[in-house]
Amino acid sequence: TQVIYSIHEVISDTRVCFNELNEPLKKLYLSNFKKVFQKESSDDLHRMISRELENTFNLVITSLSQDKIKLFSGNITSDVVKEYSKKYGFSIADHDQSQSRSGRCLQPIKDMRNELAHGSLSFMDCGHSSSVDELKEYAGEVYVYLKAIIEGVELYLSGGQYRMEVST
């Protein structure tokens, strides 16, 4: 969650204008804007507002910052990471995928955590079904995967990839 928040912070702190954002971020901000007003379809609203903003004025993206956006529940899986990677346009940094298994271990961790939280699995049963070696393996995979996500977002931010590409 914090990694995604950092994208919004950089955009807000650097006072990036709406028309400087890349297309995925324009669509994301307008989609969030739409949620506030709940009137037209996302694509119609995107076209209408985008045209007006680009033709009339530069909107600094501050009022639609991360404090207005509910990103996700905190239960993150590799599918959620892929979804947000596509929405924002960032890539997961190159890494040894044999060590991270592309985040596949996040799903069973999430499922087990939910079962524990909702009382459908006791801590004793959970402890019996998970060996220390298995937990260490999960921890290593998660570390490598999350590190690659963070590095990917750092490259995205430092390279200004949240901005629209300027054709030369």
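The values are calculated or read from the model by the stated rules, or taken from the named source; none is laboratory data. What you see is a predicted model; the values in this text were computed from it and never measured. Note that each Cβ is placed from the backbone with ideal geometry, even for glycine, and that neighbours are counted across all protein chains shown. The accessibility values were calculated without ligands, DNA or RNA, using every heavy atom of the protein model including side chains. Shrake-Rupley method; radii C 1.70, N 1.55, O 1.52, S 1.80 Å.
Under 5 Å between amide hydrogens, built in the peptide plane, is the criterion, and for LEU21 it picks out MET164 among residues at least 5 positions away or on other chains.
Using the Cβ-Cβ distance between SER6 and ASN114 with R0 = 25 Å, the FRET efficiency computed as 1/(1 + (r/R0)^6) comes to roughly 0.40.
Three principal axis extents describe the C-alpha atoms of the range 91-130; from largest down they are 38, 19, 8 Å.
When you filter the GluC sites (Glu not before Pro) in the range 76-168 for DSSP loop state and at most 13 other Cβ atoms inside 10 Å of their Cβ, you are left with GLU165. Assuming R0 = 22 Å, what is the FRET efficiency of GLU83 and SER31, from their Cβ-Cβ distance, to the nearest 0.05? FRET efficiency, GLU83 to SER31: 0.95.
To the nearest 10, the accessible area of ARG15 is 150 Å² with a 1.4 Å probe. Ligands, DNA and RNA excluded, the heavy atoms of ASP79 present near 100 Å² of accessible surface to a 1.4 Å solvent probe. With the whole protein complex present, ASP94 retains an accessible surface near 150 Å², based on a 1.4 Å probe. If you sort MET112, MET124, MET164 by accessible surface, 1.4 Å probe, largest first, the order is MET124, MET164, MET112.
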